[in-house]
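No lab work stands behind these numbers, since they all come straight from the coordinates. All values reported here derive from a predicted model rather than from experimental measurement. As a convention, Cβ positions derive from the backbone with ideal geometry for all residues, glycine included, and neighbour counts pool all protein chains shown.
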Amino acid sequence: MRKTRFFIAVAAVAVTLTGGLAVASRSDTAEAAVVWNEDFNGAAGSGVDGSKWNFDTGGSGFGNQELEYYTSGTSNVSMDGQGHLVITARKGSGGHNDCWNGTCQFTSGRIQTAGKFTQQYGHIEARIQVPNGSGLWPAFWMLGGGNWPTDGEIDIMEVVGRDPNRLFGTLHGPGYSGANGYGNNIVAGSPWYQAFHNYAVDWTANQIVWTVDGQEYFRATPSSLQATKGNVSWVYNHAFFIILNLAVGGNFGQGNPAGLPAESKMLVDYVHVSTSDSGPPTGGTNAIRGTGSGRCIDVPGAASNDGARLQIFDCNGTGAQQWQFASDGTVRSLGKCMDAAAAGTADGTAVQLFTCNGTNAQKFTLSAAGDLVNVNANKCVDVAGAATANASALQLWTCSGGSNQKWTKA
């Protein structure tokens, strides 16, 4: 692929972490529902599985004026015999003298799954230890096809060696590509290269959530994209393929490539794709239980009139507490939809029952972290005042991670 990935991620103010993040293992539920996996358990020196991976090769700079020549085979991409894929960036041309800027300065590796595996929606995760060195640019990302940026790009993880404590997650699409990409970044208390970390997105039709070691740091929806970038298209409702690479220099990597050691290694423990973390299935009905209160989302008096303010109440299995997560993104009970009153987006907007009307004010997603988020407002369903008593009212509120905003199917 040829594309420009030079950007400074922009969105909400970056979250500054006070310390290093602990490495988190995947849950048993997610493991049980893996639909594609690569665990890199080959013998030391062996190559990648050709039924899963392709090589991108050459020294064109790949639209970013990168300094490496990407090779095929095992010279820069191989197993270490300890359950890891190793992508190695090496100083020197490796005999390749046809880079965009003349004699190649480095060799490295870039592998992808185009034509062999694509995925639309789900939980996409890799456990990676990035290398240390100013001028390095490791990435775990996805493309929606060969027509960039129209087909879209999801950057799950990018770390640049010149800023080793900062992690980027970004979308690129028509009207918000290159330096104008839509994303966010977080700064950790210690460099990302010091340990393996789990980098992931949870992707549904109307939302993509970025996490590292299970901690959310960016959430994108069609409405939040357009609120930031204007009248641009959400192009993430089709299949994408996966890419792993270690670039050197380039418009975004920059840094001091000349000061790099002879070899720099990016280690990948696994890449897993599952559907279990992408939200609840459609079709059946479930109660929605609050983590903080232990009570269920309830329609007062089972009244299906428009404007009935939703509440929490002792879970009782009645129809007033049975909700269907429909394929159109709505959450339905008693023949009507969960709704943000008057299509409100402000903190404190009432969550009510209302005749289904197809608007984004009636579209909600339940994330792997238990956040029930209104797509239009990009805010969480919240128990007002963090109350736990019966008949406590529901509202929209800025997502805070509090137990009064956490929900699970019951």
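Summary table below
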{"item": "Approximate shape of the chain as ellipsoid semi-axes (Cα gyration tensor, √5λ), whole Å, largest first", "result": "43, 20, 18"}
{"item": "Neighbour-count order for Asp163, Asp49, Asp155, fewest beta carbons within 10 angstrom listed first", "result": "Asp49, Asp163, Asp155"}
{"item": "Positive-end residue of Ala387, Gly61, Gly73, charge dipole of the chain with Cβ unit charges", "result": "Ala387"}
{"item": "Selection from Pro222, Asn316, Ile154 lying farthest towards where the dipole of the chain points positive, charges on Cβ", "result": "Pro222"}
{"item": "Proximal lysines to Lys116, defined as alpha-carbon separation beneath 18 angstrom and excluding residues fewer than eight positions away on the same chain", "result": "Lys52"}
{"item": "Size of charge dipole - segment 15-274 - debye, nearest 20, with Cβ of Lys, Arg +1 and Asp, Glu -1, no other charges", "result": "360 debye"}
{"item": "Between segment 44-69 and segment 155-227, the alpha-carbon center distance in angstrom", "result": "23 Å"}
{"item": "Alpha carbon centroid spacing (whole Å) that separates segment 92-112 from segment 288-324", "result": "61 Å"}
{"item": "Debye intensity ratio I(q)/I(0), log10, segment 277-405, q values 0.09 Å⁻¹ (C-alpha model)", "result": "-0.20"}
{"item": "Relative contact order computed over the chain (Cα-Cα under 8 Å; 6+ residues apart), in percent", "result": "17 percent"}
{"item": "Under 23 Å from the Cα of Lys229 - lysines, other chains or at least 8 residues apart", "result": "Lys3, Lys363, Lys379"}
{"item": "Footprinting exposure proxy for Asp339, Asp269, Asp98 (fewest neighbouring C-beta atoms within 10 Å first)", "result": "Asp98, Asp269, Asp339"}
{"item": "Residue order, fewest to most surrounding Cβ atoms within 10 angstrom, among Thr355, Thr211", "result": "Thr355, Thr211"}
